[in-house]
1. From the phi angles alone, apply the Karplus equation (6.51, -1.76, 1.60; θ = phi - 60°) to the range 471-483 and give each ³J(HN,Hα) in whole Hz, x where the residue is Gly or Pro.
2. Could you give each residue of the range 324-333 its phi-based ³J(HN,Hα) in whole Hz, using Karplus coefficients 6.51, -1.76, 1.60 with θ = phi - 60°, and x for Gly or Pro?
3. Which far-off residues, 5 or more places away or on another chain, put their amide H under 5 Å from the one on Glu284, with H placed in the peptide plane?
4. Per residue of the range 488-502, what does 6.51 cos²θ - 1.76 cosθ + 1.60 with θ = phi - 60° give for ³J(HN,Hα)? Whole Hz please, x for Gly and Pro, Karplus curve as stated.
5. Under a straight-distance cross-link criterion of Cα-Cα below 18 Å, which aspartates and glutamates are reachable from Lys280, leaving out those fewer than 8 residues away in the same chain?
6. Using a ≥ b ≥ c from the Cα gyration tensor of the range 382-481 (square roots of the eigenvalues), is it rounded, prolate or oblate, where a/c under 1.5 gives rounded and otherwise the larger of a/b and b/c decides, a/b for prolate?
7. List the pair-distance distribution P(r) of the range 255-324, using every Cα-Cα distance, as the percent of pairs falling in each 10 Å bin from 0 up to the bin containing the longest distance, rounded to whole percents.
8. Would you please give the residues with an amide H less than 5 Å from that of Asn195, counting only those at least 5 places away or on a separate chain, with H modeled from the backbone geometry?
Amino acid sequence: MEEKIITISGSITVDELAKSLNLPVTTLIGELFKNGIVATINQHIDHETATIIVEELGLTHVKIEKKSRDQKPSSKKRELSDHATSRPPIVAVMGHVDHGKTTLLDTLLSKKTAAGEAGGITQHISAYQVEHAKRLITFLDTPGHEAFAALRQHSAVLTDIVIIVVAADDGVKPQTVEAIKFAESANAKIIVAINKIDKPAADIPRTMASLVEHGLNPEEWNGDTIVVPVSGKTGENLEKLLDMVLLAADIEDLRADNDVPAEGLVIESHMEIGKGSVVKLLVEQGILKVGDFIVAGRTYGKVRTMLDFRGKPKGKATPSTPVTITGFKELPKFGDHFDQASDEKTARKLAAQAAIDLEKEAASTNVTSSDLLKLISQKHDSATFNVIIKADVIGSLTSVIDSLKMIDTKGEVALSVVGSGIGNISENDIHLAAGTPTIIYGFNVDLPPAIKRLAARDRIEVKMFEVIYELLDDAKSSMEDLLAPEVTETETGELVVRGVFRTVREEIIAGGEMLKGKVTQGTLARIVRKKEPIAEVEVSSVQREKIETKEAVEGEMCGLSLKTQKKVTIEVGDHLIFFNREIKRKKL
C-alpha cells in the first residue's frame, strides 16, 4: 500500500484526523477512549498523540509529520562550510552502576587537570575538558539516558563517542546493555573500557565474550569495536584510552564552523542568589563571547559572565566547549537549543515569537496535557514498574523485594527491580534512576541533603519508609497509577430538535421534545443527524416554559443552551443524545 503522509502544524481536530485517515469519526473517538482520552469530535490533538493513535490503529502506511516552523532555524542541522575546522570530540561515559565509572572519571581529571582543581568539578558542572597529546577532549559526566533522549528530541546529537565501562570482574549487566542500545540509537562511536583489571577476579577474555553476545566484537577478535582494558583505580592504560578517543575522532573527522553565529545546547540551568540564572551551555558552532546576545526557547539574555569547567573566567568559547554563563532573563529548559542574535531587539523578538507559538499550540490543543498523554504512556510504554531498593541490612532488603514481588498485579503491571543495595541513598542511585521512570525506595536508611537536592534537580522520586507495610501500600498505589483508566459512558436521555433560536460561535439555543430519559444542566450531548453523529456539545442550561429549571424529562418540551468548542450547526429534526462520561481509576 502506498505510504500516506499527514502533516500537522501544531494540532488537528479529531474530525479532521478521521477524515484524513478515511475512518469513521466514531472509530477514532473509540480508540482515544480505549487509551483513556475523553475527546469530542471537535477537540484538537497534538502531533505526538496523533502518531500514537495511528500506530494503535495499525495504520502502518500512514506517517504523521510535524510541520516545521521557519522561525526555528535551530531545529535544522547546519551544513558545514569549506572553512570548517577540527573540533574536540564530545565523549559520554556510561555503564552499569558500581563498575567504576565515577572512579575512572575522577582519575582522568586528577591526571589531566592541575592539582586541587578536580575535587569540585564533577559536583558542580556536568561537562569538562581534558588535554591529551596537545588536543582537547570534552567529557560529559553521567548525563543519563533521559538527558540524551531529551536532547535528541531537539534534533541534536550531543555526543560523538560513548565510552562504555564494563567491570572485568562482573561482565555485561542490564545497565551495560541499556548503554549499548542507547549509544547505537544515537549513532555514536562506541569504545569499551574494561575496568577493574587490577582486581584478582578480573577476567578480560570472559568479559570480551559477553560483549560479543551483545553485538560488540573487539578488534582483537577481528571485530570493529575498540576495547581498552583499564584500571580507574591505578590509572593503568588511561593514556591508551584517550589515544583511542582521539583516533576515533580523527576517523569521524569532527569539524565545526567558527565564523558563524554561535549556537549550541543548554545542558543545565538553575538559579543562584546574587547571580540570577546560571546556565551551562555546550557550544556546537561558532564562537560565543562575553557580551553576545543569545536566545534559548522562550527566553533570551546577554552573556554577562562566562566561566570554564574549572570555574575560571573565560572570554570566549569555541565549538565543543562547555561553559557556564549568567545573563538570561529567565531559566531556559534543559535541552533547549540556543542561537546567537545580532542585538537585544532581535533576541527579544525571537524569544517573544517562540513564547507566542508555544501558547498558541497549547491554547488550540485540547488533548495535549501531560495527564492525557500520561494515560497513553501508562498503558503502552509504562506497564513496567521500575524501582530501586535501598535498605539497612540484607535481611530487610530481601524482605522488601520479595514482598513487592508478591503484590498481585493481575498481569497488568510488571515489577522491575532496577537496582538494590545496602546503605544510604547515593548519587549512583540517582543516576541509575535517570534512565527510565523509576522510584527509589529507602527502608530504614538516610537520604543525605546533597543527594536529596540532586534528586530534586533531576526530578527523581525518592520515598523513605520505616514500616514495610507502608512501603508496600505506596508501591501498590503507584502500580495502580500505571493502569489505563476505565472509561464508561451512560446514556441518560434523547431529544428531537423542534426549533433553533440562536447560533453563535460558542453557543446554540434550541428547543425540542424529550423522547426518553431526562436532560440536566452540565450533561454532554451528541448531535445526531440521519443516524450519523456530527458533533458533541455540553448542556449549559435547561428551560421549561422560559423558566430555568434543573431538568426536563420524557414527554416534556424544553429549551436548551448548548456550549460548543467551535461553530457547529443544529437543524430541526436532529436528535440530541444525552450522556454522562466517567473515567474510573483501576484498582489492583
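Every read-out reported here was derived from the displayed coordinates using simple, explicitly stated rules and does not represent laboratory data. A quick note: this is a predicted structure, and the numbers were derived from the prediction, not measured.
1. Per-residue couplings from phi come out as 4, 5, 5, 5, 5, 5, 5, 5, 5, 5, 5, 7, 7 Hz.
2. Computed from phi, the couplings for the range 324-333 are 10, 10, 10, x, 5, 5, 9, 6, x, 7 Hz.
3. Glu263, Gly264, Leu265, Ser320
4. 10, 10, 10, 6, 10, x, 8, 9, 9, 6, 10, x, 10, 9, 7
5. Asp141, Glu146, Glu263, Glu268, Glu272, Asp292, Asp308, Glu330, Asp336, Asp339, Asp458
6. oblate
7. Reading upward from the zero bin: 20, 59, 19, 2.
8. It is Val166, Ala167, Ala168, Val230, by chain and number.
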